[in-house]
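Below: the structure, in structure tokens.
Only the coordinates and a few stated rules stand behind these numbers; no lab work does. Quick caveat, the model's predicted, so the values are computed rather than measured. Note that we place each Cβ from the backbone using ideal geometry, even for glycine, and neighbour counts take in every protein chain shown.
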Amino acid sequence: MEPSPEALWHEAQAQVSLTTGILVVDDSTLDKFYAEKMELVTRHWSGKHGRVVQGINLISLLWTEGDRHIPLDYRFYEKSVDGATKNDHLRAMLDTAKVRGFAPKCVVFDSWYSSLDNLKLIRRHEWIWLTRFKCNRHVNPDGMGNRPLSEVEIAAIGTVVHLKGYGMVKVFKIVAPNGDIDYWATNDLNLNQLQRLQWSEFAWAIEEYHRGLKQCCGAERAQVRSSRAQRNHIGLAIRAFLRLELHWFATGVSWYEAKLAIVRDAVRAFLAAPCFSLNPTA
């Protein structure tokens, strides 16, 4: 079966619960700094590098209950070919998750995906969402008019306000020790700070997933030009991650240890019975 989001779901569906855990959406750039004529490669903002870089943008949907990290779906950002934005891909993956019967405890995503269209779609699915808002997001806390979050008194335990163009939401103001401020928001007006913290920590799983995909599964290493070859390679890398994750959960052997064990076994097998030989050059 050729690698595809549908093939991934076929393998992953037995590992998840449709009514527990949370869904997490985020994207990551697979670096292709020196690519010149490689399909799928465009320029994207990279949080890792803190600048715009050249690479393949992978948008992922992950399921987690805090312990396991199960990739469910993915899309490639290639707007010049299919005309779809990152937000279009997010909505398509969430619609697919709804059709598959998911009723998650929450859907978590970053501020990039916090558009009104996305929030309203999740509300239509009758799901809870949790995201971060920019400080300039306009809310009405007291019926006296809309103003930026930065000008509104927001409590760490949460304050219910009216989000412009949407309706009532609950916003939490989190101040870091260095003074940085994050605004977390949800459509669950009864959500408490402890549950918000737990779900936001669960959502960090997608960052770990992207790191494992790159470091242990070689997602960035295909030096091929065609879009199909890149899609196949990355699709197989995602399937490899799923198997490493399930192996870790079953045995306690980490992705990194499992990768080293595979390499060691391959080297031993080759040394015991070499398949290739190099002719001397001198």
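For the reader, a short list of remarks on this structure follows.
- Residue 17 paired with residue 37, simple spin-label distance in nm, labels 7 Å along Cα-to-beta-carbon: 5.3
- Correct choice for Cα Rg over 2.2 N^0.38 Å that was computed from the model, options [x] 1.15; [y] 0.95; [z] 1.07: [x]
- Compared with the dominant principal axis of the Cα atoms in the chain, helix 255-272 is inclined by about 10°.
- Taking other C-beta atoms within 10 angstrom as a stand-in for reagent exposure, 60, 150 fall in the order 150, 60, fewest first.
- Contact order relative to length of the chain, as percent, for alpha carbon pairs under 8 angstrom and 6 or more apart: 17
- Helix 205-215 and the longest principal axis of the Cα set of the chain meet at an angle near 20°.
- Peptide ranges 69-75, 209-215, 247-253, 6-12 listed from the most packed, as the mean C-beta count within 10 angstrom indicates: 69-75, 209-215, 6-12, 247-253
- Efficiency of FRET between residue 52 and residue 144 - r from beta-carbon atoms, R0 41 angstrom, step 0.05: 0.55
- Over the chain: helical MRE at 222 nm, DSSP H runs n ≥ 4 each giving -39500 (n - 2.57), nearest 500: -11000 deg cm²/dmol
- For the chain, a simple Cβ point-charge model (Lys and Arg +1, Asp and Glu -1, everything else neutral) yields a dipole of about 420 debye relative to the Cα centre.
- Ordering 172, 40, 15 by the projection of their Cα atoms onto the charge dipole of the chain, which places +1 on the Cβ of Lys and Arg and -1 on the Cβ of Asp and Glu, puts 40 at the extreme positive end.
- Dipole moment magnitude, nearest 20 debye, the stretch 1-154 about Cα centre, only Lys, Arg, Asp, Glu C-beta charged: 380
- Extension gain from residue 135 to residue 4, taking 0.36 nm per residue of separation minus the Cα-Cα distance: 43.4 nm
- On full extension, the segment bounded by residue 115 and residue 215 gains 32.8 nm, given 0.36 nm per residue less the C-alpha separation.
- Where labels lie 7 Å past Cα in the beta-carbon direction, separation of residue 124 and residue 223 in nm: 4.7
- The angle between the Cα long axis of helix 193-203 and the longest principal axis of the Cα atoms of the chain comes to about 20 degrees, rounded to the nearest 10.
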